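**Q** First, the structure itself, so that you have it in front of you.
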Amino acid sequence: MKKIKINKYIKLFLKIAISFLALYFVFSKISLKEITSLLSQSYVPYILVALIFFIVSKLIAALRLNHFFRNINIDLPEMKNIRLYLLGMFYNLFLPGGVGGDGYKIYILNRQSGAKVGKLFQAVLLDRVIGILALFCLLVIFSYFIPYAAVYKYFTWLSIPLVVITFFLVVRRFFSDFTSIVFRTLFYSVFVQGFQLVSAIFILLSLGVHEQFLQYLFIFMVSSVVAALPFTIGGLGARELTFLYGAELMNLNMDASVTLSLVFYLITAVVSLSGVYYSFNSRSIE
């Protein structure tokens, strides 16, 4: 038990160190003064609109997750599901070294419903994967319109049905409880990512960026995939580093790119922080 706790502290330290080093590298390459200027001159009403679209995306994501729970006979009321989802966001973003948000949801639902931990883990895992799958599909679609030279560029769309069908067959073979909702939850996932893309557009508009939206959004989606990897604290540092290199490759404004990433992280943090209420008011998720 003591060794497990030590490993958790080591992982927490490594995540903090990686986030810090990534941010240090990013800010050594851009103008902090320019970032501050962009933030101070940003159009706040557009940021509020971006916040609203992000909140809607998370509500849809919570509904999507509940579809997975219902397929293993967990009758979770939507409001309770949303509260549990927000609490999970809080744990994932602010307590990376402790019980993760997904782990906490599994613990609560196992205790309340008696559902097997393995089935709950599968539900949470597939919910994550279906989100990444939607991101992949959107990335492929966007890549068609991004100006870059590639021999097989016009055939990339063929990968979408190939990957989706492969995913469906894998679910049917190894996660048969969830076969019936694969395409429905994928549809939800497209809306989740779509609302977050709209949120990113309004952040760009608030910063005075009015062109090359497709390139910015393409990098934004790549950064979302990178941020999902469990190497940093809530994706902090990883997302900014992706934007830095992506902006350089696509000849975008590096300062605006990194500022977009930072503002989106702050919006995520604000929404996630709302989950702290439910950590002190456990009756709301009982």
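The values are calculated or read from the model by the stated rules, or taken from the named source; none is laboratory data. Source: prediction; values computed, not measured. Reconstructed Cβ throughout: ideal geometry from the backbone, glycine too, with neighbour counts over all protein chains shown.
**Q** Under 8 Å by Cβ, and 6 or more places apart or on different chains, what pairs join a residue from the range 110-138 that is exposed (fewer than 15 other Cβ atoms within 10 Å of the Cβ) with one that is not hydrophobic (A, V, I, L, M, F, W, C)?
**A** Gln112/Glu286; Lys116/Asn110; Val117/Asn110; Arg128/Asp102
So that you can scan it fast, the table gives a plain yes or no per residue for (1) at pLDDT 95 or above; (2) assigned to a helix (DSSP H, G or I):
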| position | (1), (2) |
| --- | --- |
| Ile141 | no, yes |
| Ala149 | no, no |
| Trp157 | no, yes |
| Val163 | no, yes |
| Leu169 | yes, yes |
| Phe178 | no, yes |
| Phe195 | yes, yes |
| Val198 | yes, yes |
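**Q** Which one is surrounded by the most Cβ atoms within 10 Å (Cβ to Cβ), of the residues in the range 56-86 that are of a type in the set (D, E, K, R) and within 19 Å of the chain's Cα centre (by Cα)?
**A** So the residue we want is Arg64.
**Q** Shifting gears a bit: If you scan the range 246-286, which residues turn out to be within 20 Å of the chain's Cα centre (by Cα), at pLDDT 80 or above and surrounded by fewer than 16 Cβ atoms within 10 Å (Cβ to Cβ)?
**A** Those that are within 20 Å of the chain's Cα centre (by Cα), at pLDDT 80 or above and surrounded by fewer than 16 Cβ atoms within 10 Å (Cβ to Cβ): Leu266, Ala269, Val270, Leu273, Ser274.
**Q** Would you point out which residue out of Thr185, Thr166, Thr179 is without any contact (Cβ under 8 Å) to a residue 24 or more places away in the chain and in contact with a Lys or Arg (Cβ under 9 Å, 6 or more places away or on another chain)?
**A** Thr179
**Q** Could I ask something else about it? Could you list, in sequence order, all residues of the range 112-139 that are at negative phi and not in a helix (DSSP H, G or I)?
**A** Answer for the range 112-139, where residues must be at negative phi and not in a helix (DSSP H, G or I): Ala115, Lys116.
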